[in-house]
Each structure stands twice: as structure tokens, then as C-alpha cells.
1. Provide the FRET efficiency to the nearest 0.05 for the ASP294-LYS414 pair, computing r from the beta carbons and using R0 = 56 Å.
2. Search the structure for amide H atoms under 5 Å from the amide H of HIS226, placed 1.01 Å from N in the peptide plane, and list their residues when 5 or more places away or on another chain.
3. Give me LYS414, LYS239 ranked fewest to most by other Cβ atoms within 10 Å of their Cβ, as a rough exposure proxy.
4. Under a 5 Å amide H to amide H cut-off, with H placed in plane at 1.01 Å, what residues pair with GLU353 once short-range neighbours are removed?
5. Among GLU333, GLU16, rank each residue by its count of other Cβ atoms within 10 Å, from fewest to most, as a rough exposure measure.
6. Need the full-extension length gain, ALA222 to ALA384, defined as separation in residues times 0.36 nm minus the C-alpha distance. One decimal, nm.
7. Provide the gained length on full extension for the span GLU275 to ARG65, in nm with one decimal, where the gain is 0.36 nm per separating residue minus the Cα-Cα distance.
8. Can you tell me how much longer the chain between VAL302 and ARG321 gets when fully stretched, taken as 0.36 nm per residue apart minus their C-alpha distance, in nm with one decimal?
Amino acid sequence: MNAGDAAIEIKRLSRERGFLLVGIARAEKLPSAPLERWLAQGMHASMRWMESRVDERLDPTRYLRGARSVVAVAVSYAHPDSNPESTEPEIHSCRGTETVKRGPSARRAGGDSPVTGGDVAQRQRGAACGEQAPGSALFGALRRHRTSPLCDRALPAPPIGPAALPTCAASTEAAGPRSAGVGNGNCGFPAELNVARYARGRDYHNVILKRLRKLRVDCERAVGGHWRTSVDTAPVMEKAWAERAGLGWIGKNGCLIHPECGSLLLLGTLITDVELAADKPGVNRCGSCRLCIDACPTAAIVEPGVVDARRCLSFHTIESRAAIPLPIARAAEGRVFGCDTCQDVCPWNRSPEGDPDAALAPRPAQSALNVEDVLALDAESFTARYIGTPLMRAGRNGLVRAALAVAARPLSEKARVLAEQLAENDPSEVIRAHAREALGA
Ligand code: B12
Ligand code: SF4
Ligand code: SF4
């Protein structure tokens with residue numbers, strides 16, 4: 001099979017296995033400066049594992065001897081707002097003369113066709129047109145922005161009409177009322193704890209890795225050669241490969257953005273020594289927009305595309321086990337596990353195309369947590385509740401620590417009683433310290 005036919009076959013197999021997007025890049029050494037500079041400046045904070053296997057991270061031929069191609073895949077987790085307060089979005093997107101109702105019911109009824117990536121013809125956005133029914137999730141989200149004391153402080157005034165839109169390519173293509181396929185996950189729960197969208201269902205590592213392993217077997221059968229899989233699990237720069245494979249571009253918020261599906265995507269790769277026809281790399285379409293940089297509650301986007309983990313809420317609430325510095329904790333305003341702000345404000349996430357992955361469907365009980373419930377967790381009840389979910393990454397101690405740090409002040413009476421017990425008896429010094437701080441506030 002020649003490289004072109006092999007690429008077509010691999011893409012077909014990828015879609016058959018349930019990947020929304022797939023593209024191919026030539027396996028070659030990545031420029032080392034961005035990663036080396038990021039590490040040298042300490043932006044990886046305490047993620048020491050980022051320092052190891054740098055050679056492999058930068059060069060796929062070191063990870064797999066004789067590697068010639070990188071297959072990048074993505075799934076979407078842009079499920080309609082899983083906040084119990086929101087209603088189903090009624091968004092109509094116009095493509096030429098065709099009007100397609102979008103939203104969960106339309107999807108269930110087969111209203112959306114699958115979206116393709118890589119070199120496969122992209123669907124056109126069509127004429128600049130977007131309608132939003134009053135009373136929909138969008139208007140609900142904006143109302144919450146205006147009324148929630150948390151969000152008024154945490155976020156800049158939301159852009160409502162075309163005049164307020166930034167000058168990035170999205171604003172000229174999709175001018176019209178701001179249509180929010182996804183709302184701001186941090187809004188509407190001032191007294192509660194917010195979980196980042198990607199973490200509201202099953203653990204994506206399990207879902208994607210299982211699929212990738214099956215796909216690897218399919219690929220070996222179809223075109224032979226050696227294949228290695230990765231989804232966060234290996235020294236592979238997944239965003240860089242997705243960009244090179246034409247899945248989109250790395251935006252100023254540091255995330256891979258697909259022009260139709262937005263950035264609420266999770267990525268994986270297959271590295272192979274089989275020669276496959278490569279796609280054209282994605283082209284950056286952020287333009288002069290800087291909404292994400294300005295909206296970040298902790299100023300963690302220190303340069304376009306460069307996130308300093310030492311300031312990022314995602315790092316402090318998910319990866320770090322240490323005490324959360326007070327200025328970061330105050331700015332978190334209820335974000336107990338991860339953060340979506342720099343993606344929520346992005347115009348490219350207004351009305352994402354492509355079916356969100358059913359295997360990653362959000363569970364309401366995992367989307368917004370109750371402070372008292374979290375403070376009452378012990379190791380056993382934590383595992384029983386969250387096994388198989390991304391929350392396991394923080395562990396019971398990490399989650400309780402973050403809840404104490406980011407919960408709204410003053411604590412409720414019931415939360416105070418629990419915090420007093422934690423301050424006194426918890427085996428973790430970090431939890432005891434955060435509990436004391438929460439009680440003193
Ligand atoms: C370490 C890590 C983090 C760290 C550091 C974040 C970061 N931006 O690097 C922390 C814990 C903060 C984090 C947070 C999040 N993460 Co994370 N994370 C990773 C991980 C494991 C490695 C990323 C890495 O190598 N960083 C080091 C820097 C130097 O690398 P880089 O940004 O990729 O740099 C390359 C390019 O960006 C480019 N580059 C560098 N600078 C610049 C500047 C410009 C202008 C441009 C155009 C390019 C560019 O060159 C570099 C090399 O070629 C990847 C999985 C993986 N193995 O790739 C997931 C990954 C990036 N994370 C992911 C997710 C979902 C998140 C969160 C959204 C989770 C959440 N909701 O809380 C946040 C988003 C925060 C953000 N705005 O980036 C997804 C992103 C999917 C997507 N659409 O892009 C990934 C790919 C996991 C996956 N398998 O899907 N993450
Ligand atoms: S995830 Fe949150 S804290 Fe981190 S860069 Fe984005 S907006 Fe800032
Ligand atoms: S919000 Fe950030 S990532 Fe999105 S278009 Fe604007 S600059 Fe780019």
C-alpha cells in the first residue's frame with residue numbers, strides 16, 4: 001500500500017473507532033526552544049516528570065526507533081452545559097441554504113453529521129449566521145454572569161454583540177449574537193465547587209487509551225509496522241503534533257483549537273514507523289484577540305500560548321499536592337478541580353461542531369460539588385465515589401485541600417464543623433493548615 005492509500009485507511013479506521021478528528025504529521029524533531037525555555041524558567045512548577053525524557057518528548061524517533069509518521073486523534077467533550085440550572089441550547093447554524101438545528105435533541109435525531117479533520121475536506125461554516133433563542137442556555141449563562149457575585153469579579157463583562165467581539169478570524173466568520181454551545185462552567189454555583197468540564201464524566205485516559213489500543217491493532221493489521229500509543233501517558237507533545245497534523249492550531253490560551261470543533265478536545269497520538277501521507281499543519285487564527293489572556297483569573301498566560309503552571313489553577317488544583325498559595329486560592333472562586341476560563345471566553349468555543357463523545361458524558365453529581373460533601377470525604381468514600389474519574393488524580397487529600405482553599409467564605413455552619421474536625425485530626429498537614437485558614441477567614 002502506498003503512503004496515500006495507507007493514510008486514507010488509517011483515517012477510516014480511526015473514525016470507525018470513534019475518534020472525531022484525525023490527521024497525520026511527518027515524525028521529525030520538534031524545535032526544542034519552547035519546551036527548554038518553559039522548563040528552564042521553572043514554569044512546570046513541581047511537575048518534575050516534565051523534566052525527564054526531554055529528548056524523546058522532542059523527537060519521536062527516539063520514542064520509537066525509525067518513526068516516520070505521527071497520527072493525531074481527538075475527541076470532543078463539548079457537551080451542552082451540564083450545570084443543572086441551564087436549559088438545552090437551541091442554536092441554529094446556517095450553512096449556505098441549509099439550516100440545521102443543533103443541540104442535544106438535534107444530535108440525538110441525527111441532526112449533526114460527523115466532522116472530519118486533517119486533510120479531509122472541512123465543512124464550511126457557511127454564511128455568518130447564528131441564531132439563539134431567548135431563554136436558551138446562552139442567555140441563562142449571560143444572566144448568571146451579570147448576577148453572580150463570583151463571576152462579576154472573576155470575568156470581564158461578557159461580549160454580547162458583534163461590536164464587543166475581538167478581532168480574531170472567528171469574529172468575522174461568526175458575527176452575530178454570541179452563541180454559547182458551552183457556558184462558563186464557573187457560573188451559577190457561587191456557594192458550590194466547580195469541576196472543569198473535561199473531568200465531569202469518566203476518566204478520558206481510560207476511554208481514549210482503550211480505543212487507541214484497539215486502533216493500534218487495526219492499524220498493524222491493515223498496514224503493518226510498529227505503533228506506539230499515547231494520551232498523556234508518554235513523553236509526547238500532543239498539542240504540537242495535533243497542530244502539525246492539521247487538527248487546528250495552538251491558541252494563545254495554550255490549547256489546541258479546531259476551527260469548527262473549538263478547543264474542548266482531548267488528544268491522543270499513534271507514532272509509527274510506517275510512512276503515511278502527511279496533512280498540512282493548522283494555521284493560527286487567534287488574530288489580535290486576547291480574551292483568554294485577559295480573562296485568566298491568575299494571569300497564568302504569561303505570553304501568547306505560554307502557560308506558567310505556577311500560576312495556573314489547573315496545576316494547583318489537579319497536579320500539585322502542596323498548599324495552594326492564598327492569592328491563587330482567592331482567585332479560584334470555587335474552581336475546585338481544573339479551570340475552563342481561558343477556553344470558555346474563546347470565540348472559537350461559541351458553538352462547537354461535532355458530536356461530543358458519549359463515553360465522556362458529564363454526570364451532574366460530578367459537575368458541581370457541595371462543600372460539605374467534599375469535606376466529609378475519607379479515603380474510602382472518596383474512592384468509592386470517584387473511581388474511574390479524573391478526580392482520582394487529585395486524590396482525597398488533594399480534593400479536600402482544594403475545597404478548603406477555594407470554597408466561598410464564610411463557610412456554612414456545617415462546613416465549619418467539618419473544617420474544625422479536619423484542622424484538629426486530619427493526618428495531612430496541608431489539610432490541617434488549609435482548614436485553619438478557612439476557619440480564620
Ligand atoms: C503539562 C500539562 C498541563 C500543565 C501545563 C499546561 C501547558 N499549557 O503546558 C497544566 C497542569 C497547567 C495543564 C492544564 C490544562 N490542561 Co494539560 N497537559 C499537560 C501535558 C501533560 C503536557 C503539555 C506540555 O508539554 N507542556 C509544556 C509546554 C512547553 O508545551 P506546549 O504548550 O505543548 O508547547 C508546544 C507548543 O505549545 C508550542 N508552543 C510553545 N509556546 C508557544 C507559543 C505560541 C504562540 C505557539 C503558537 C506555540 C507555542 O511549542 C511547544 C513545543 O513544540 C499535556 C499532554 C501531553 N502529553 O501533551 C496535557 C494537555 C495539554 N492538557 C490538556 C487539558 C485539557 C488541560 C486543561 C484544559 C485542563 C483543565 N480544564 O483544567 C488545562 C488547560 C490549561 C492551559 N491553558 O493550557 C489537553 C489539551 C487539549 C487541547 N485542546 O489542547 C492535553 C493535550 C491532554 C490531552 N491528552 O488531551 N496541563
Ligand atoms: S486554566 Fe484557568 S488559570 Fe490556567 S491559564 Fe486557563 S484561565 Fe488561567
Ligand atoms: S480567546 Fe485566546 S485562544 Fe481564543 S481566539 Fe482569542 S486569543 Fe485565541
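Throughout, read-outs are computed from the coordinates displayed, never taken from laboratory work. Just so we're clear, the structure is a prediction, and the values are computed from it rather than from any experiment. Don't worry about glycine lacking a Cβ; one is built from the backbone with ideal geometry, like all the others, and counts go over all protein chains shown.
1. Once rounded, the FRET efficiency stands at 0.90.
2. When sequence neighbours closer than 5 places are left aside, the close amide H contacts are ASP273, VAL274.
3. The fewest-first ordering by Cβ neighbours comes to LYS414, LYS239.
4. Residues meeting the amide H criterion: CYS261, GLY262.
5. GLU16, GLU333
6. Result for the pair: 54.2 nm of gain on full extension.
7. Here the answer is 74.3 nm.
8. Contour length minus Cα-Cα distance gives 4.5 nm.
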